[in-house]
1. Any residue that is more than 30 Å from residue 181 (Cα to Cα), modelled with pLDDT under 95, outside any loop (DSSP other than H, G, I, E, B) and under 27 Å from the mean Cα position of the chain (by Cα) - is there at least one of those in segment 262-272?
2. What are the pairs with Cβ atoms under 6 angstrom where one residue, in segment 82-101, is farther than 18 Å from residue 312 by Cα and the other, located anywhere, is part of a loop (DSSP other than H, G, I, E, B) and of a type in the set (Asp, Glu)? Sequence gap at least six, or different chains.
3. Conditions: (1) within 16 Å of the chain's Cα centre (by Cα); (2) at pLDDT below 95. Residue 35 meets all but one. Number of the miss?
4. What number of residues within segment 308-327 are buried (at least 21 other Cβ atoms within 10 Å of the Cβ) and on the phi < 0 side of the Ramachandran plot?
5. Collect the residues in segment 175-210 that are closer than 19 Å to residue 269 by Cβ and part of a strand (DSSP E or B), keeping them in residue-number order.
6. Hey, residue 242 hits all of (1) more than 21 Å from residue 3 (Cα to Cα); (2) charged (D, E, K, R); (3) surrounded by fewer than 20 Cβ atoms within 10 Å (Cβ to Cβ) but one; which does it fall short on?
7. Answer yes or no: is there a residue in segment 156-174 that is over 27 Å from residue 255 (Cα atoms), part of a loop (DSSP other than H, G, I, E, B) and either more than 24 Å from the chain's Cα centre (by Cα) or of a type in the set (S, T, N, Q) (or both).
8. What about residue 192, is it under 27 Å from residue 28 (Cβ atoms) and surrounded by fewer than 18 Cβ atoms within 10 Å (Cβ to Cβ)?
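The values are calculated or read from the model by the stated rules, or taken from the named source; none is laboratory data. Keep in mind that this is a model prediction, so the values were computed, not measured. In this analysis, Cβ positions are derived from the backbone assuming ideal geometry, glycine residues included, and neighbour counts consider all displayed protein chains.
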Amino acid sequence: MADSINELTLKLANYLLVNSGKRNTFSISGFIAYLTLSLVNKGIKGPSKDQLSDFLNCNYSLKEISYQIYAVEYNCIDYFGIEEFYNVGSVKSAFFHSQLPVESFKQMALESYDTELHPIDPTNNDRQIETINEWGKTLVDVPFSDIFTDLYKDEISLLIINEYYVCFQWKIPYMKRLTTNKIFTDINSEIIIVETMRKIEYLKYYNDKDLRADIVFVPLQETNMSAAIVLPHENNIKDVLKRMNSQKMNKWFNDSLPKIIDLYLPKFEFINKINLKNFLKQNNLNFLFDEIEADLTGIIKDGGYINDYIHASSISINEIGSYLTPPKRDPIIHFGSTTTLTFMVNRPFVFYLFNITNHLVLHLSVVTQKI
């Protein structure tokens, strides 16, 4: 299941990098999207269920057999739960519905996926925006204030929203006094000045000569978690991201060797709101958004369809981690004299959070320009 989640993350990242226009810097969690679609899979009925299961590339478990009509129904097995993400952040998800939900699904969604079902006005745009933004404010300690402003012309049947922020601590923090302005060449080959952190630390390092990229793994304070930085040798992040896959990411970590790295990493912070509807349509899941073809009677009593699926995220990288306040004093860190490898992140790069035990990508950012 980890490979399926990682592949969905990369597929979504490649789609966004190609189709997001000028906004080609973004933050996503394919892990959260995968679990949300797995939840939808449990509520969808009919032949469309198989299409969604194939997209998720999930293993199956027998749900029920009716000997009277010889019917067999299978559900995807969830090897990971949403609690995996709580190691590196906080997340809230909701299904906003205008008609009565199936109570057993509502209970299962909350207990197993920490996903809430909320009623919403089907037609009044002002009430819809108010309902969504009031819900959004319940995710504390992150500036998700009134970012949901989309107006829906069609009557809302089912609206899905994930919102999360990344919060973690470096195992060894950066020294704030070493943070300086450095040159960064963005995806358009424009030279900009960015605030860049520096640390010298024993880190796992891998040089992928085939992919033409260098990778370092920076340990987090959180157990079995590491941040990976993928730096293309040249300003060719689109090619590198396109050729990344779950097997390569596992190989990078397994075959990387510890070296003393003089690491320069730009600070970055942004909030983004991504619409996943077109991405899912491009992957032949149009039926989820079709009033006639969608059969969501396992979620909504009288059936329905998905109007939209929105993914909102936030990350704020600094000397301590993400969404943490730097201390007034730098830590004192000593290293013996030895050869160091300079790892200067001065061009577009990929940043992801990796569970090293499960080989699972929980979050991925693509940084191509100044935020």
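1. no
2. Close Cβ pairs (under 6 Å, with a partner that is part of a loop (DSSP other than H, G, I, E, B) and of a type in the set (Asp, Glu)) amount to 87/222; 99/302.
3. (2)
4. Residues meeting the conditions: 9.
5. Correct list: 180, 181, 182, 184, 192, 193, 194, 195, 196, 197, 198, 199.
6. If we test residue 242 against (1) more than 21 Å from residue 3 (Cα to Cα); (2) charged (D, E, K, R); (3) surrounded by fewer than 20 Cβ atoms within 10 Å (Cβ to Cβ), just (1) comes out false.
7. yes
8. Here the answer is yes, as residue 192 does meet what is asked.
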